[in-house]
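Colleague: I'd like to ask you about the structure that follows.
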Amino acid sequence: MIHNTVLIFSLVGIIAFFCQWLAWRVKLPAILFLLAAGLIIGPGVQLMNFEETFGDLLFPLVSLAVAIILFEGSLTLDLKEIRSQRGVVQRLITVGALATWGIVAVATHYLFEISWELSVLFGALTVVTGPTVIVPMLRTVRPNANISNILRWEGILIDPIGALLVVVVFEVIVTQGRSDSITSGLLALVEIIAAGTVTGIVGGWLVTFMMKRRRVPDYLKNLATLSMVLLVFGLADFLAHESGLLAVTLMGMWLANQRSIRIEEILHFKENLTIVLISGLFIILAARLTLDDLLALGWMTLALLAIIQFVARPISVWLSTFGTDLTWRERAMLAWIAPRGIVAAAVSALFALKLEAAGEEGASLLVPLTFAVIFGTVVLQSATSGFVARWLKVADPEPNGFLVIGANRAARAIASELKKQDIRVLLTDSNWQNIRAARMDGLATFFGNPLSEYADNRLDLTGIGRMLGMTPDHNYNTMAGMRFGGILGRDFTYSIQTSDSQLNDKHQAGEDHRGQYLFSSDLTFGKLSSLLSQGATIRTTRLSEEFTWEDFLSTNSKKAVPLFAINTRNRIKPLIIGRDIEPEAEWKIISLFYPEPDEPRVKEQAQDRELPDS
């Protein structure tokens, strides 16, 4: 067993990275690999003992990490997104939660023969689904907007509610035998709600005030917000034990719905920090289990998992969606996805220790049983949710498409060929003549400025995973890259070169802002437009064993410019300037073919006057 603290931290970091990377490669939630890693280094080979490493600081650190995770999740809870399904979410976190609580409590009592008090406590623990596993699963499964919004809101809001239920039940257990045990539990609930609500809203108001009045410089905003989150959590917990989760959730929701401040940088910072915290927490908490704890559960665990998956969740969803406009397919998908996450793991470990110290018989089962439910629900739902979503026809298309900034002739020519190859394309422009021409070509369009608040609320990016700046204005392409780089990812924003972009580095925006340049170093927007007006065409060529990539290049070296490559799975790969690509047999190459020398140079003067490039 390793006892060197520095080495333990280093190993946890590299193990966490490897688990996250592996999850990215195989398209499964990282929690699967993080839990497996924790079980291996803990009860498996007994490589690390985190109780010995952290001592009494273990659970305070876990609590602070969970608070940051919940705050980050609540920063995405914009009320505009849930207006159409607010009633469903409200019922899921009230009526649905009560149904799950009761069913799981009864099943636990009879399957494991433990006291009603502990069974009810465990039922409260399993109410929470958790954003730490919901959000990665939604990225992989890609259900439609109705399902995604409902599950995301439920996952974040149910965490503090589940923690409240656990606290109330715990208060009743520790005061049982006293005439005021129920009163003590209800009093604890009122104190928690009051302390959490007041501190959370006050904390959110203070952060809003500081940012709105510009009392904090930009480079200190992340530190100021993080410090305030920790202060709000600590203060709320001091006023009423276990009220901190509610406080940070309300603080995040307050900030998410303020229109007078921008929280994108804070959210980006918190997302990165959350990945680090989630990775470490799952490994550390899973490593605390022992083989004896896991083996003591027996076959009854499978029966409990079946009841949670096939009885409790469907009943909860049915009660919560009865009389709504959701289709039966959407209800079935909601009933299938409800994995448990880090809050259940952390809270179960904390209260199990308190109950064991109080001499409660059977408390040692809480932690391994909770982890069994976490692991079981995540494994089953991660492995099957993608198939279930496709079978129910509620999955959005894979984000393989392009948002094209500009609907001028060059943009339309590229978009038309991409559409022929079954690649989703959406063109956006503020020039009505260009939009009209694109619609006449059968292309999907958005009439308006893609950088406007109007576009923020109405631009449908379903199936869109990349942005391509196709205007002659280098600065406009750069601004679009900055705007959509935060949504689609910096690696998936591109632009075509313009005359301005060929200036030296001193006078042009960096790649992180404008996106990567595509196609050829000497193919600017102006040259592309000119070639198209002279009769150049954009066509697709299929490679084969007989006609390879090298053959294509040698044959067309002076008469074509490759633009995109599409592999055998119909995944498109833009040709980025300065990067090599090795297409294989059966790949398709979309290229710009120059006009033949003997062709008449037909200039579409009338169309040029009618549809000027934007």
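The values are calculated or read from the model by the stated rules, or taken from the named source; none is laboratory data. Note that the coordinates shown come from a computational prediction; the quantities given were computed from them, not determined experimentally. Counting neighbours? That spans all protein chains shown, and the Cβs are built from the backbone with ideal geometry, glycine included. We work out accessible area using only protein heavy atoms, side chains counted, and drop any ligands, DNA or RNA first. Shrake-Rupley method; radii C 1.70, N 1.55, O 1.52, S 1.80 Å.
Colleague: Hey, if you put +1 on the Cβ of every Lys and Arg and -1 on every Asp and Glu Cβ in segment 349-443, which of F375, M440, G401 ends up farthest toward the positive end of that dipole?
Modeller: M440
Colleague: With only Lys, Arg, Asp and Glu charged, each at its Cβ (+1 for the first two, -1 for the last two), find how big the charge dipole of the chain is about the Cα centre; round to the nearest 20 debye.
Modeller: Dipole about the Cα centre, nearest 20: 1600 debye.
Colleague: What stretch of the chain, leaving out the sites themselves, is the longest with no chymotrypsin sites (Phe, Trp or Tyr not before Pro) in a DSSP loop having at most 14 other Cβ atoms within 10 Å? Walk me through the intermediate numbers first.
Modeller: On the way: sites that count: W299, F322, F547.
Answer from the scan: 1-298.
Colleague: Here's a follow-up. Do the sum for the chain: with -39,500 (n - 2.57) for every DSSP H run of n ≥ 4, divided by all residues, what is the mean residue ellipticity at 222 nm, to the nearest 500 deg cm²/dmol?
Modeller: Result for the chain, helices only: -18500 deg cm²/dmol.
Colleague: How high is the relative contact order of the chain? Use alpha-carbon pairs under 8 Å, at least six apart in sequence, and give a whole percent.
Modeller: 13
Colleague: Out of residues 5 or more away from Q516 or on other chains, whose amide H comes under 5 Å of its own, with H placed 1.01 Å from N in the peptide plane?
Modeller: Residues meeting the criterion, in which the H sits 1.01 Å from N, are T493, Y494, S495.
Colleague: Got a sec? Charge dipole of the chain, +1 on Cβ for Lys and Arg, -1 for Asp and Glu; which of T537, C19, W254 is way out at the positive end?
Modeller: Positive-most Cα among the choices belongs to T537.
Colleague: Using only the C-alpha atoms of the chain, find the volume of their convex hull and express it per residue in Å³.
Modeller: 185
Colleague: Just the number, please: carbon plus sulfur as a percent of the accessible area of the chain, 1.4 Å probe, no ligands or DNA/RNA counted.
Modeller: After summing per-atom areas, the C and S share lands at 59 percent.
Colleague: Which value, in debye to the nearest 20, describes the size of the charge dipole of segment 331-427 about its Cα centre when Lys and Arg Cβ atoms bear +1, Asp and Glu Cβ atoms bear -1, and nothing else is charged?
Modeller: Roughly 780 debye, rounded to the nearest 20.
Colleague: Which whole-Hz ³J(HN,Hα) couplings does segment 145-158 yield from phi under the Karplus relation 6.51 cos²θ - 1.76 cosθ + 1.60, θ = phi - 60°, glycine and proline marked x?
Modeller: 4, 4, 5, 4, 5, 4, 5, 5, 5, 4, x, 7, 6, 6
Colleague: Can you flag which of K419/K559; K212/K354; K420/K559; K527/K573; K420/K527; K420/K558 are past 32 Å Cα-Cα?
Modeller: From K419/K559; K212/K354; K420/K559; K527/K573; K420/K527; K420/K558, over 32 Å: K212/K354.
Colleague: Scan segment 218-309 for trypsin sites (Lys or Arg not before Pro) in coil per DSSP, keeping those whose Cβ has at most 14 other Cβ atoms within 10 Å, and list them by number.
Modeller: Values: sites: K221, R259, R262, K270, R288; in loops: R259, R262, R288.
Answer by residue number: R259, R262.
Colleague: Now, a different point. Please give the charge dipole size of segment 401-479, origin at the Cα centre, charges +1 on K and R Cβ atoms and -1 on D and E Cβ atoms. Round to the nearest 20 debye.
Modeller: 260
Colleague: Ordered by residue, what ³J(HN,Hα) values in Hz, to whole numbers, does segment 418-428 give under the Karplus form 6.51 cos²θ - 1.76 cosθ + 1.60, where θ = phi - 60° and Gly and Pro are x?
Modeller: 4, 4, 4, 9, 6, 9, 5, 9, 10, 9, 10
Colleague: Lys/Arg Cβ at +1, Asp/Glu Cβ at -1, dipole of the chain taken about the Cα centre: which of I173, A349, N477 is farthest positive-ward?
Modeller: Positive-end residue among those listed: N477.
Colleague: Once you mark the GluC sites (Glu not before Pro) that are in a DSSP loop and have at most 10 other Cβ atoms within 10 Å, what is the longest gap between them in the chain?
Modeller: Details: sites that count: E113, E545, E546.
Excluding the exposed sites themselves, the longest stretch runs over 114-544.
Colleague: Can you list the HN-Hα couplings for segment 443-448, worked out from phi with the Karplus curve (6.51, -1.76, 1.60; θ = phi - 60°), rounded to whole Hz and with x for Gly and Pro?
Modeller: 9, 6, 9, 10, 8, x
Colleague: Could you check what % of the DSSP bridge pairs in the chain are antiparallel, to the nearest 5?
Modeller: Close to 45 percent.
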